[in-house]
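Heads up, the thing below is written out as structure tokens.
The values are calculated or read from the model by the stated rules, or taken from the named source; none is laboratory data. If you're wondering where the values come from, they're calculated on a predicted model, not measured in any experiment. Here Cβ is always computed from backbone atoms with ideal geometry, including for glycine, and neighbour counts include all displayed protein chains.
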Amino acid sequence: MTAAIETHQLTRSFGATVAVDRLDLRVETGQVFGFLGPNGAGKTTTIRCLLDLCAPSSGTARILGLDSRHDSVAIHRRCGYLPGEFELYPRITGQRALDWFARARGGVDQAWREELVERFGVILDRPTRELSKGNRQKLGLVLAFMHKPELLVLDEPTSGLDPLMQNEFHRLLRETVADGRTVFLSSHELDEVQRVADRVAIIRNGSLVVADTVDALRHQAPQTIELRFNAPVRASAFERFDGVRQVAADGERVTLQVTGPLAPLLRVIADHDPLDVVARHADLDELFLTYYRDQTSDDAN
């Protein structure tokens with residue numbers, strides 16, 4: 001099956017600054033793909049290269065099987081896009097904005113458009129300059145989804161939305177992929193990505209750090225073991241074991257991050273008569289910080 005997005009050695013430089021560095025990425029059709037990284041990691045520049053809003057310095061990108069540069073007009077017809085800094089002409093109303101973009105696309109399903117407006121409670125009768133950040137964002141979501149595109153490219157889509165609207169947005173994502181379409185979701189909201197994404201890529205300084213399913217990344221990540229004893233225990237009691245990456249001791253409570261075998265460690269824990277033992281895999285927040293911490297350490301070395 002043709003990938004929804006595929007890049008090969010995609011690179012974009014601004015003078016001496018490399019914003020995207022030889023990025024190889026593949027996004028399969030019919031999934032929500034989370035694209036993670038802090039400010040300045042290269043997420044938005046990558047999106048702009050994918051949609052031919054800026055030209056790559058080298059490398060290639062294919063969107064829905066088409067070349068991102070030579071076939072950009074055809075790609076735009078089949079995509080929906082919500083930029084991270086979404087703006088409209090300040091004097092036009094939401095209604096005029098929807099009508100103008102619908103005509104530009106050659107018409108959209110009016111019933112579907114009205115359903116989206118109702119689901120997100122979009123304000124249509126006021127100039128966009130009078131709308132709050134959240135209300136402009138809801139209008140942007142309708143503009144991105146109303147023509148039922150094959151690929152949605154969404155940059156920080158829930159910025160400014162309240163929890164109820166975020167839940168409605170997540171429901172819309174599930175409906176979209178159930179229909180066989182694809183969502184490329186760039187976000188800082190790690191909890192959101194954890195709940196909705198099928199696969200995740202993490203980038204740092206324009207380079208790919210890791211790409212895998214959320215479940216696979218969790219299983220590769222350190223386990224966190226939280227211990228409680230009836231008396232203070234020194235951290236040094238656990239630091240000598242292979243695979244123990246971090247120990248934090250606070251009186252009777254000790255927290256470990258473990259990647260190695262558990263049996264030797266559990267025997268020592270048992271010798272100290274723990275009152276409570278809780279073990280869990282890292283969530284996406286912890287995983288994200290782990291990859292960044294490791295790479296920062298590698299860079300320093």
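Below, the figures for the structure above:
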{"read-out": "Those residues of segment 8-28 which are of a type in the set (A, V, I, L, M, F, W, C) and crowded, with 19+ Cβ neighbours inside 10 Å, in sequence order", "value": "10, 19, 20, 23, 25, 27"}
{"read-out": "Filter pass, residue 233 being farther than 15 Å from residue 25 by Cβ, buried (at least 18 other Cβ atoms within 10 Å of the Cβ) and within 12 Å of the chain's Cα centre (by Cα)", "value": "no"}
{"read-out": "Options 230, 205; residue that is outside the structural domain of residue 28 (by TED's automatic domain parsing) and touching a residue at least 12 places away in the same chain (Cβ under 8 Å)", "value": "230"}
{"read-out": "Scan of segment 115-146 for residues that are under 15 Å from residue 160 (Cα atoms), of a type in the set (A, V, I, L, M) and touching a strand residue (DSSP E or B) at 6+ places or on another chain (Cβ under 8 Å), ordered by number", "value": "141"}
{"read-out": "Odd one out for residue 200 among (1) exposed (fewer than 14 other Cβ atoms within 10 Å of the Cβ); (2) assigned to a strand (DSSP E or B); (3) touching a Gly at 6+ places or on another chain (Cβ under 6 Å)", "value": "(1)"}
{"read-out": "Helices (runs of 4 or more DSSP H) within segment 29-114 that include 2 or more residues in contact with a strand residue (DSSP E or B) (Cβ under 8 Å, 6 or more places away or on another chain) and surrounded by 18 or more Cβ atoms within 10 Å (Cβ to Cβ)", "value": "43-50"}
{"read-out": "Residues of segment 147-173 satisfying the condition of being more than 21 Å from residue 202 (Cα to Cα) and either within 10 Å of the chain's Cα centre (by Cα) or touching a residue at least 60 places away in the same chain (Cβ under 8 Å) (or both)", "value": "147, 149, 150"}
{"read-out": "Some residue of segment 215-225 being more than 30 Å from residue 11 (Cβ to Cβ), at pLDDT 85 or above and surrounded by 15 or more Cβ atoms within 10 Å (Cβ to Cβ)", "value": "yes"}
{"read-out": "Residue within segment 217-228 that is closer than 24 Å to residue 20 by Cα and in contact with a helix residue (DSSP H, G or I) (Cβ under 6 Å, 6 or more places away or on another chain) present", "value": "yes"}
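Residues checked against (1) touching a Phe, Trp or Tyr at 6+ places or on another chain (Cβ under 9 Å); (2) surrounded by 22 or more Cβ atoms within 10 Å (Cβ to Cβ); (3) farther than 25 Å from residue 104 by Cα:
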{"site": "126", "(1), (2), (3)": "no, no, no"}
{"site": "164", "(1), (2), (3)": "no, no, yes"}
{"site": "172", "(1), (2), (3)": "yes, no, no"}
{"site": "183", "(1), (2), (3)": "yes, yes, no"}
